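Visitor: Quick one: the structure is below, and I'll ask about it shortly.
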Amino acid sequence: MESVFCVVAPPCLALHNKQSRHNPPVPIDFRDPANRRTYSDREADVSWREAVAALVDPAGADVVDVGCGGGTYLRAWHDLGAATVTGVDSSAPILDAARESHGHLPGVSFQLGDAAATGLDAGCADVVFERALIHHVPDLGAVAVEAARILRPGGLLLIQDRTPDDVAQPGSVDHPRGWLFDLYPRLLDVEKARRPGPSLVGAELTAAGFGEVATTTLWEVRRRYADREDYLAEIALRTGRSILHDLSNDELADLVEELRRRIPDGPLVEQDRWTIWRAVRVS
Ligand SMILES: C[S@@+](CC[C@H](N)C(=O)[O-])C[C@H]1O[C@@H](n2cnc3c(N)ncnc32)[C@H](O)[C@@H]1O
């Protein structure tokens, strides 16, 4: 659907200049118990399952999901037939929420730890998976070295994250997140600055002892909503989207109103573009 936003007499042009003195942005704090369920209660879509199955055979594998959040993908690895799945996260409240949701599954366990120092045994994993993690870590090289340490020789590291190019994809009804940057261009600068590009990630992986480093692009369905209002309610709560914590309450309210104008009433399938790095731990 074509956007009709900002064609004539755009009140929106003033939005990103708006002063928010009374409720300035507060970056997400993963350790705040209030955010414990921000990455919970979502299922990995079939688009993700098919993409992963094309990159690795999960059947019988020992998988470590680093930065597992609420356990959406930990659950998916279990469903794909992994023998064991260990969820690692540095946030105790988020890990507790993941344990509440998925701790009953056979072969599933949890470990409080940092991506650069998981506390797991060396050579314990066939697959290390890191989704939406690397743009949060201060030292990507150390994270890559730790992944290499816990993988068996020949094991696979899968990193799924959005590159600067992925986040700059234009908005559409299928990808409303892209419209965020029409309204608040400064956030695109924030995103580009915090997200490593393919060459940097590739160099860190090679330096950490990985070989056969390759990337694929995935338009992953993040969630299917029965109605636009269900999606907007999630945006208003900032659920699962750390960049929304860079908006003040006023800016967030303006964003919700603008999205309501752009997205037709009815079902919505939200997709985002991702890059997946596949790398083999050389023996
Ligand atoms: C954006 S969420 C992604 C959650 C999940 N992987 C997903 O894709 O739904 C990032 C997660 O990484 C965790 N995290 C951030 N920095 C970390 C670090 N240095 N070590 C381990 N976990 C970290 C956060 O607590 C949070 O749960």
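Just so it is clear, none of the values below were taken in a lab; they were calculated from the coordinates. Since this is a predicted model, take the numbers as computed values, not measurements. Note that we place each Cβ from the backbone using ideal geometry, even for glycine, and neighbour counts take in every protein chain shown.
Visitor: How big is D, in µm² s⁻¹, for the range 60-209 by Stokes-Einstein at 37 °C and 0.692 mPa s if Rh is the Kirkwood radius over C-alpha pairs?
Guide: 202 µm²/s
Visitor: So for the range 189-283, taking the charge dipole from beta-carbon charges (+1 Lys/Arg, -1 Asp/Glu), which of 255, 213, 226 sits furthest toward the positive end?
Guide: 213
Visitor: Give, to the nearest whole percent, the P(r) tail of the chain beyond 36 angstrom, counting all Cα pairs.
Guide: 16 percent
Visitor: With the cut-off at 26 Å, report for the range 167-277 the share of all Cα pairs above it, as a whole percent.
Guide: Every Cα pair in the range 167-277 considered, those over 26 Å come to 27 percent.
Visitor: Any chance you could run the full-extension gain for residue 249 through residue 54? It's 0.36 nm times the residue separation minus the Cα-Cα distance, nm to one decimal.
Guide: Stretched fully, the residue 249-residue 54 segment lengthens by 66.1 nm.
Visitor: When Rg is the radius of gyration of the Cα atoms in the range 221-276 and Rh is its Kirkwood radius, what does Rg/Rh come to?
Guide: Taking Rg over the Kirkwood Rh, I get 0.97.
Visitor: Hey, another quick one. Tell me, in nm to one decimal, what length is gained between residue 261 and residue 43 on full extension, where the rule is 0.36 nm per residue of separation less the Cα-Cα distance?
Guide: 75.7 nm
Visitor: In addition: Note down the net charge around residue 157, summing +1 for each Lys or Arg and -1 for each Asp or Glu among other residues with Cβ under 10 Å from its Cβ.
Guide: Net charge in that neighbourhood comes out at +1.
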